[in-house]
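Okay, structure first, notes after.
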2 protein chains.
Amino acid sequence: MTSRDDPTVGELSEGTILRRILDRVGPSAAVVGPGDDAAVLAVPDGRVVATTDTLVHGPDFRLAWSSAFDIGWKAAAVNLADVAAMGARPTALLVALAMPDDTRISFVAGLADGLRAACDELAPGCVVEGGDLTVSDTLTVAVTALGVLDGREPVLRSGAHPGDVVAIAGEMGVAARGLELLFTRFADSDGTPNALTSEAFAERLVETGDATAVTRQLRPRPPIGMGPLASERGATAMMDVSDGLALDATRMADASGVTIDIDVRCLGPDAARALSGGEDHALLATFPAGGELPEGFTRIGSVHDRTHAPLLVDGDPFQGRGGWDPYRDWDTGRG
Amino acid sequence: MTSRDDPTVGELSEGTILRRILDRVGPSAAVVGPGDDAAVLAVPDGRVVATTDTLVHGPDFRLAWSSAFDIGWKAAAVNLADVAAMGARPTALLVALAMPDDTRISFVAGLADGLRAACDELAPGCVVEGGDLTVSDTLTVAVTALGVLDGREPVLRSGAHPGDVVAIAGEMGVAARGLELLFTRFADSDGTPNALTSEAFAERLVETGDATAVTRQLRPRPPIGMGPLASERGATAMMDVSDGLALDATRMADASGVTIDIDVRCLGPDAARALSGGEDHALLATFPAGGELPEGFTRIGSVHDRTHAPLLVDGDPFQGRGGWDPYRDWDTGRG
C-alpha cells in the first residue's frame, strides 16, 4: 500500500484526521457534540460520574499483539468499567490521542472503530463526544468516560458492612492468563514480541481456553450493564477489579473498615490466578445478606467485622502475591 | 540531592505517588472526590461541559524551558479556556499523567502545584478531582476539564450574526512572541534548548515586554472569568483563540456562515503576530451591535453577511499566514 492510499498523520491536517475519526465513532447524542471548544452533555439528575484512564505503548500494549481496533476497544472498556463500578451508566467518552507522525490513517480509523465497537457492545448509548489530537513519540490513548446515575446514589467502595455477601460479575484471571500466553508463546527468548497473525494464533493456542484468554487480554469484556443493575438491587459497595481480586478486595475492605473473607471454592479451577491476575475488569460488589443476588453476580465470600487482616481466604489471612502491578507485570519494552 | 531525598516515581508505589499529588491539589469539592473508581460531580442545571487537551514533551514543551510548575499550570490553563469559551464555569479537572520511571517525585509535586495554582488564580473553585498515573517514555499530561453553565445556554462558535460586534478578551500574539524568544535566545544554533535559569532570563530578556512574553508562553493567563460574563451579557458566539486570531476567526466565520472583518488598528502595535500567533487562549466573542461590551472585552471588528471570504482584514480578504499549527510551530525535538 502506498502512502497515497494510506497517508501518515504527519501528511494530513489535524482537521482531516479529526473528520476521519468522527465519521467512524457514530452520531453524537450530546447537547453539543464534537466540533466546538467543549462538549455539553445532559445529566438530568444533576450529577455526572467522571473517570480517566490511559493506555501507553509499551507498558500497556504491544503493537505486535494488539491491533488498532484492540487498542481502541481496550481504552474504552477499562474506562467504561470504572463508570459502571459507581453504579452509573456511561454516556460519553472524550479521547485524547497522542501519536507519532508516521502513524497511518488506517491505524487511526481502526482505533476509532474499536472505541465505537466497545461502546456499542458493552455500553450501548455511550458515544465519543470529543477529544484531542497531539504528536508524540509514544502512542498514547487517554480516555475520559462520563456517566449518569439516573437518580440512584453512587455505589462507593467504602460501603461494605459486616454480614454482607461478597459477589462478583465478570471473569477472574482470564486476562492475566492471556498475558502470560502472549509473553510465553508470542515472544522470543529475549522478550521481543512476535506478530499475532491469525496463523500464529491458531497454531500456538490449541486449547479453547487459551484463545479466549488471549482475546480477553486484548479486548476485555467488563460487564458494564451489571453496574447499574447491582446499584438498583441494593449493592452496598462496588469496585472494578483491575489489579486482581486479592489487591482490590483488600482495598475495598480497607475503605469500608471491614474484613473480607473469600471462599476459594467459589473462584473456579484457577483460583490463584483469579486472586492475583489483573485486567479482567470484573465488578466486585457487596450485597446485604439474605437477598437474591442479581443475575450475573456470583457469591464468592462474606464481609466480617474488621480484624487485623483486611483479607482472608477460607478464613486465613491471605499470604499470596499482593496483586497486579502495571509497573511490574508488563515490562517497559515495546514492539 | 540523593535519591532518598527525592526518589523517582519508579522507586515509589502508585499509591504513594497519588497521595503525594492529592496532598497538594487541595481539598475536593465534589460529591465523590479522588479515591474511588470515578469522581461524582454536582451539575445542578443538568448539563456538564467537558473538554480534553494534552501536553506532550517535545511538541508542547521543553524541560529546559518549562518547570514542572509551568507544565502543570499550562495543562490546566488551556483546558480551563476551552470550558470558559462555552460560557461555562470550570469546576473540576481530571489529570492523566504518563511519566518516565526516572521522573523525580519533586517534579510531580511541582506539576501538582502548577495545576492547583492555575485553578486558584484563573478559575477559583475548580479542583483536581481525579486522575490516572501511567509509565511512559514520553512525559504526557492529559487533562480533562469539566464545567457548569449555571442555567445559561452554551455559547457556540456558530452563533455569530451579521451586524454583531467582534470582540476579544485577553492577549494576542504575546505567547507566540515568547516562543520566538525562546527559540532565538535560549537555544543553540542546532536548536538545542538552553536552561532557562533566572540569570539567563534576566540577561537575555532585557525589554520588559520580552520577559512578559516568555512568561506568558510558559504560563498563559486566559481570562477564564470573562467566559461566563460574556454569556451573561449576551454573547452570540465565542471560542478560545488557541491557533491565532486569523485561523480561529475563520473557523468562527465558517461555523456561523458569516464573514468576519477585523479592524487591524484594534490589534495593537503587533498586529501581524496577533493575527497569526497561537497559545494566548484569549476569548474571541461576538455581541449584538449597540450594546456596551462587558468590561475586559475590546472591539476588534464586525460581522457581515457571508461573502466568498470568511475573513477580511480592514475589508480585504486575509492573505497572511493561516495561523498556528502545533505540528509546525514547535518542532519534534526534546530537551
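The values are calculated or read from the model by the stated rules, or taken from the named source; none is laboratory data. A quick note: this is a predicted structure, and the numbers were derived from the prediction, not measured. Neighbour counts are summed over all protein chains in view; Cβ atoms, including those assigned to glycine, are modelled from backbone coordinates with ideal geometry.
Summary of computed values
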| read-out | value |
| --- | --- |
| Residue list for segment B:223-247, restricted to those being in a helix (DSSP H, G or I) and more than 18 Å from B:Gly296 (Cβ to Cβ) | B:Ala246, B:Leu247 |
| Residue that is farthest from A:Val83 (Cα to Cα) [pool: residues in segment A:30-39 that are at the interface with another protein chain (Cβ under 7 Å from one of its Cβ atoms) and part of a strand (DSSP E or B)] | A:Asp36 |
| Residue pairs meeting the criteria (Cβ under 9 Å; at least 6 apart or on separate chains; first touching a residue at least 40 places away in the same chain (Cβ under 8 Å), in segment B:254-268; second surrounded by fewer than 16 Cβ atoms within 10 Å (Cβ to Cβ) and part of a strand (DSSP E or B)) | B:Val258/B:Asp305; B:Thr259/B:Asp305; B:Asp263/B:Arg299 |
| Options B:Arg157, B:Arg216: the member that is surrounded by 20 or more Cβ atoms within 10 Å (Cβ to Cβ), in a helix (DSSP H, G or I), in contact with a helix residue (DSSP H, G or I) (Cβ under 7 Å, 6 or more places away or on another chain) and of a type in the set (Lys, Arg) | B:Arg216 |
| Criterion: in contact (Cβ under 8 Å) with a residue 12 or more places away in the chain and more than 29 Å from A:Val43 (Cβ to Cβ) - qualifying residue of B:Gly110, B:Gly147, B:Gly151, B:Gly87 | B:Gly110 |
| Contacts under 9 angstrom Cβ, first residue in segment B:194-206 being closer than 19 Å to B:Leu63 by Cα, partner aliphatic (A, V, I, L, M) and outside any helix (DSSP H, G or I), 6 or more apart | B:Asn194/B:Ala64; B:Asn194/B:Ala187; B:Ala195/B:Ala64; B:Leu196/B:Ala64 |
| Any hit, segment B:257-279, residues being under 26 Å from B:Ala92 (Cα atoms) and in contact with a Lys or Arg (Cβ under 8 Å, 6 or more places away or on another chain) | no |
| Tally of residues being over 15 Å from B:Thr250 (Cα atoms), modelled with pLDDT of 95 or more and not β-branched (Val, Ile, Thr) across segment B:283-330 | 10 |
| Candidate set from segment A:54-110 (those that are outside any loop (DSSP other than H, G, I, E, B) and among the polar types (S, T, N, Q)); member that is surrounded by the fewest Cβ atoms within 10 Å (Cβ to Cβ) | A:Ser106 |
| Single residue of A:Gly35, A:Gly26, A:Gly46, A:Gly10 found to be more than 20 Å from the chain's Cα centre (by Cα), under 26 Å from A:Asp150 (Cα atoms) and modelled with pLDDT under 95 | A:Gly26 |
| Some residue of segment B:279-288 being surrounded by fewer than 22 Cβ atoms within 10 Å (Cβ to Cβ) and among the hydrophobic types (A, V, I, L, M, F, W, C) | no |
| Residue among A:Thr144, A:Thr138 that is within 15 Å of the chain's Cα centre (by Cα) and of a type in the set (Ser, Thr, Tyr) | A:Thr144 |
| Top-ranked residue in segment B:141-154 [being surrounded by 20 or more Cβ atoms within 10 Å (Cβ to Cβ) and more than 9 Å from chain A (Cβ to nearest Cβ); ranked as nearest to B:Ser67 (Cα to Cα)] | B:Val141 |
| Among (1) surrounded by fewer than 24 Cβ atoms within 10 Å (Cβ to Cβ); (2) within 14 Å of chain A (Cβ to nearest Cβ); (3) not basic (Lys, Arg) - the single one B:Leu122 does not satisfy | (2) |
| Options A:Ala235, A:Ala211, A:Ala249; residue that is without any contact (Cβ under 8 Å) to a residue 12 or more places away in the chain and closer than 26 Å to A:Leu122 by Cβ | A:Ala211 |
| Odd one out for B:Thr138 among (1) in a loop (DSSP other than H, G, I, E, B); (2) buried (at least 19 other Cβ atoms within 10 Å of the Cβ); (3) free of Cβ contacts under 8 Å to residues at least 60 places away in the same chain; (4) of a type in the set (Ser, Thr, Tyr) | (3) |
| Flag for B:Ala42 being facing chain A (nearest Cβ under 7 Å), closer than 29 Å to A:Thr236 by Cβ and in contact (Cβ under 8 Å) with a residue 12 or more places away in the chain | yes |
